[in-house]
Each structure stands twice: as C-alpha cells, then as structure tokens.
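The values are calculated or read from the model by the stated rules, or taken from the named source; none is laboratory data. Just so you know, these numbers come straight off a predicted model, no measurement behind them. Because the Cβ atoms are built from the backbone with ideal geometry, glycine has one as well, and the counts that use them run over all protein chains shown. Heavy atoms of the whole protein, side chains included, go into the accessibility calculation; ligands, DNA and RNA do not. Shrake-Rupley method; radii C 1.70, N 1.55, O 1.52, S 1.80 Å.
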Amino acid sequence: QLLNDVLDKEPALELTEKIRLRLGGIHAAKGNIKAALQQFDAVASNPKSPLLGWAHYRAGEALIQNKQYPDAIKRLSMFRDQGPWQNVPGLSDRALLRLGYSYAMDKNWDQSRVAYERLVNSFPNSPWHDEGRYGMGWALQQQKNLDGAANAFSQVVAHTATEVAAKAQLQIGLCRMEQKRYLDAANAFLVVPSTYGYPDLQAAALLEAGKAYLELGQRAQADRQFERLVRDFPNTRWADAAKEKLEKK
C-alpha cells in the first residue's frame, strides 16, 4: 500500500520503475503472478530503462515460480543471446542459472547444458558458478553422458565444500552405479557421510552405498551401511528403506 501511495504521487521515472520492481516482487511472493508481471512489464516496456534487464529477469523468476517454463525461457534467453545483456555481473550470471534450470524443467537437456556452460565459462567468479557446474553435470547425466557428468560433478567437489558439493558427490556415485561400476559407486557414496554435514544427503548416500555393496555380493558390508543409516538417521524415509533391505536377509 505504501508503494502504491508513492506511485499515485507520480514520482520521477527512475523511482517509478524501482517501485514497480518492488511491487512486482511483493505480488510474486503472494502468488499473484499476473499482477507481478504487469509491474515488471511496465518497466520492460521502456527500452531505455536501466532496469530493463532486471524487469525481464524478475518476470522470468515469477514465471518459474508459476511453473511456466517455456515463458520463462523466452524472458531469460536475452541474457544468452543479446550482446548488451550477456555480461552484466550479478544479473547475467544469475539469469543464465535460471535459464538453465528452466530448460531442465522443460527436459531440454542440451539447451540446459549450454546455458549452464555459458554461466561457468563467462563468469568464473560468480557466486552461482558451482551451481552452474552442477547443472551442467545434471544435464549430461540425463543425456547418459555419465563420464562427462561425473567429471562436472567432480569439479564442483574440488571447488567448494557447500551443500552443492555434497549433492555432486552423491551424483558421482549414481553415475557409477548406472555404469555398473559398483565399487567406485560405493566409494563415492561413502565420501558423503564422512565429509559433509547434510543429514538428508548423508542418509541417501548410506542407502545407495548399501545397494552398491549388494550388487557386489558383499552382504555384510551392505548391512553395515543400512544399520548405520537406521542408527544415525532414524525416523526418516531413508531409514525405512534401509530397514526393508535388512529384513530381506
């Protein structure tokens, strides 16, 4: 209401556009995507606006929130295709991350990978660099380029120790499982509970490690992972799955 009151006073264009972006963000947070897009489009309709890029980016985010991925792609592709918007730090890299995500949700894996690669190659110091590298790995994994995916995930693990690294380490194991390289898979999975402090990922990795040992015919080793999972992460869906494995002895 306060922002609308300011708009009613017809402030200068620059302030008006800043207010419209804020209003759009509020409408999006409340789930009113139509009203949000009206505010963002009011800014984007001014081709000379210094906030034009932000207006399209915010519109893309709102459309992603509403699961309108093809429409989000139309908004965000300008940061891949249009020269003036390809190298705006803090904006272009962020938009490329969300473009890659939108393509992934639309199951267009090749274009998803391309968007993430553009982010990784053009913005090596971006705070979204590791997320972009993970996205590359995910797209390659869906395309069954499992060695390429594992390599991308390994670069994430080598660069950071955050949650995205734990996720990447888990995916390395899943790539090796799909390749039937079960010992490599088990070793990759066991890095997660011993290195990272994210309970859901630790539990998932222990379950998958147990499955890998079962494939190797090493029942005792498998049971150790399942028992550890039940002990350390009780009352989780991962523990329930481990209990089922233990009951099948």
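When the Cα convex hull of the chain is projected onto planes of every orientation, the mean area is 15.7 nm².
Sequence-ordered 3J(HN,Hα) estimates for the stretch 104-112 from the Karplus curve with 6.51, -1.76 and 1.60 and θ = phi - 60° stand at 5, 5, 8, 6, 9, 5, 5, 5, 4 Hz, glycine and proline given as x. Accessible area of SER154 (1.4 Å probe, protein heavy atoms only, ligands and nucleic acids ignored): about 50 Å².
Taking only protein heavy atoms into account and a 1.4 Å probe, give the accessible area per residue of the chain in Å². Don't skip to the end; give the middle numbers.
Values: 12760 Å² over 249 residues.
Heavy-atom SASA per residue in the chain reads 51 Å².
With Rh defined as the Kirkwood radius, the inverse of the mean 1/r over Cα pairs, the Rg/Rh of the stretch 153-249 is 0.97. Couplings 3J(HN,Hα) of the stretch 35-45, computed from phi: 5, 4, 5, 4, 5, 5, 5, 4, 7, 5, 6 Hz, in residue order, whole Hz [Karplus 6.51 cos²θ - 1.76 cosθ + 1.60, θ = phi - 60°; x for Gly and Pro]. Which residue fluctuates the most in the chain, going by a Gaussian network model with Cα springs under 10 Å, if the choices are ALA150, ALA42, ALA104? Top of the fluctuation ranking is ALA42.
The count of lysine pairs in the stretch 1-72 that are at least 8 places apart or cross chains, and whose C-alpha atoms lie under 17 Å apart, stands at 4.
Computed from the C-beta positions of ASN187 and LYS248 and an R0 of 22 Å, the FRET efficiency is 0.40 to the nearest 0.05.
With viscosity set to 1.002 mPa s at 20 °C, what whole-number translational diffusion coefficient in µm²/s follows for the stretch 78-144 from Stokes-Einstein and a Kirkwood radius over Cα pairs? Present the calculation step by step, with values, prior to reporting the outcome.
Values: Rh = 11.4 Å.
Translational diffusion coefficient: 189 µm²/s.
Nonpolar atom fraction for the chain, defined as the carbon and sulfur part of the 1.4 Å probe accessible area, stands at 48 percent.
Ellipticity at 222 nm from helices only: DSSP H runs of n ≥ 4 in the chain, each -39500 (n - 2.57), divided by the residue count, give -24000 deg cm²/dmol.
Rounded to the nearest whole Hz, the Karplus-based 3J(HN,Hα) values (6.51 cos²θ - 1.76 cosθ + 1.60, θ = phi - 60°) of the stretch 113-118 follow the sequence 4, 4, 5, 5, 4, 4, with x at glycine and proline. Here the chain is assigned +1 on the Cβ of each Lys and Arg and -1 on the Cβ of each Asp and Glu. Its dipole about the Cα centre then comes out at about 400 debye. Taking a straight Cα-Cα cut-off under 18 Å and skipping sequence neighbours fewer than 8 places away in the same chain, the lysines within cross-link reach of LYS243 are LYS211.
For the chain, the longest principal axis of the C-alpha atoms and the axis of helix 219-232 are separated by about 50°. Put simply, the convex hull of the Cα atoms in the stretch 54-166 casts, on average, a shadow of 6.5 nm².
Axis of helix 163-178 versus longest Cα principal axis of the chain: the two differ by about 50°, to the nearest ten degrees. Dipole of the chain computed with +1 at Lys/Arg Cβ and -1 at Asp/Glu Cβ about the Cα centre; of THR160, PRO47, THR195, farthest Cα towards the positive end is THR195. How large is log10 of I(q)/I(0) for the stretch 1-98 at q = 0.19, 0.23 Å⁻¹ when the intensity is taken from the Debye formula with one equal scatterer per alpha-carbon? Those come out to -0.88, -1.19, one per q.
Find how much the distance from THR195 to LEU2 grows on full extension, using 0.36 nm per residue of separation minus their present alpha carbon separation; answer in nm with one decimal.
Numbers: separation 193, 0.36 × 193 = 69.48 nm, distance 4.84 nm.
Length difference between fully extended and current span is 64.6 nm.
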